[in-house]
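Quick notes on the structure that follows.
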Amino acid sequence: MQLKPQDFLIALKLLAWGNQRWTYARLAQDLGLSASEAHASVKRGLLSGLLLPNRLSHVPTTGAPGAETQSLQEPQGIYKVTRKRVRRSSVPSEDAGLPDNPVRVHAQALAEFTLHGAKYAFPGVRLPLAVGVPTSHSAPAFAGVFAPGSTDFVWPHPNGSVRGVGVEPLHPSVPFAAMQDGKLYELLALFDALRVGKARERNMATERLLALIDPGAAAPRMETLLG
């Protein structure tokens with residue numbers, strides 16, 4: 001099995017949504033994908049370990065050992081009781097936020113892949129000057145951080161407002177998807193900083209991405225960031 005760009009995009013989208021309830025139809029619509037593409041990407045995400053099932057019945061027969069182990073550690077009865085309560089009676093407001101989506105992000109695995117593998121699996125390709133949607137250090141996530149005059153990077157797009165060096169997006173639907181979701185936009189722009197940015201931009205993006213994806217992880221040492 002080989003991960004595709006849309007698989008990584010979907011993992012980042014689910015991270016941006018957090019515990020928000022979603023459907024495959026909405027996931028596909030928000031990312032400019034077909035429903036079948038969304039289903040296939042989630043399946044590959046489970047097999048790779050970037051995603052985890054929320055119900056034991058969804059555990060894949062093959063895939064990353066960590067995904068199956070973590071799921072099996074969660075008592076099956078918890079999910080049965082939760083679903084029954086939601087259907088038959090009113091529950092306290094805090095229970096209404098419990099995740100009931102089919103899958104969730106495996107934060108540790110996604111952070112590791114994003115910081116150490118994704119830029120090699122999906123390398124950044126620079127394109128000619130174009131008008132488009134700003135990305136990398138030119139995106140809003142970096143506003144006020146870098147001095148004016150730095151080269152702007154953009155995803156070429158007819159509705160863009162900035163002229164700069166073109167960067168081939170992770171997936172053709174990225175400019176559209178980013179304009180629908182500010183948090184996803186930040187994640188994608190920071191990922192582009194890893195792909196095409198200079199050392200300072202990569203270091204900053206690494207720290208920020210780790211904080212967004214796996215807040216509980218220990219901060220990486222600077223020598224690791226510079227490696």
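With a Förster radius of 35 Å, plug the Cβ-Cβ distance of THR151 and TYR24 into 1/(1 + (r/R0)^6) and report the FRET value to the nearest 0.05. Write out the running numbers ahead of the final one.
Working: r = 39 Å, r/R0 = 1.11.
The computed FRET efficiency comes out at 0.35.
To check my understanding: the extent here is largest minus smallest coordinate of the Cα atoms along each principal axis. What are those three numbers for the stretch 124-225, in Å, largest first?
41, 28, 24
So for each of 151-158, 118-125 I average, over its residues, the number of other beta carbons within 10 Å; can you give me the resulting order with the highest mean first? Numbers along the way, then the final one.
Values: 151-158: 19.5, 118-125: 15.0.
With the highest mean Cβ count within 10 Å placed first, the list reads 151-158, 118-125.
Using Cβ contacts closer than 10 Å as the measure, can you line up LYS198, LYS183 from fewest to most? Walk me through the numbers before you get to the answer.
Details: LYS198 13, LYS183 16.
Taking fewest neighbouring Cβ atoms as first place, the list is LYS198, LYS183.
Looking at the stretch 1-49, which trypsin sites (Lys or Arg not before Pro) are DSSP coil and have at most 16 other C-beta atoms within 10 Å of their C-beta? Kindly include the intermediate steps, with their values, before the conclusion.
Values: sites: LYS13, ARG21, ARG26, LYS43, ARG44; in loops: ARG21.
Sparse-neighbourhood loop trypsin sites (Lys or Arg not before Pro): ARG21.
Bear in mind these aren't lab numbers, they're just calculated from the coordinates by the rules spelled out. The structure displayed is predicted, hence computed values, not measured ones. Ideal geometry is used to build each Cβ from the backbone, glycine not excepted, and the neighbour counts take in all protein chains shown.
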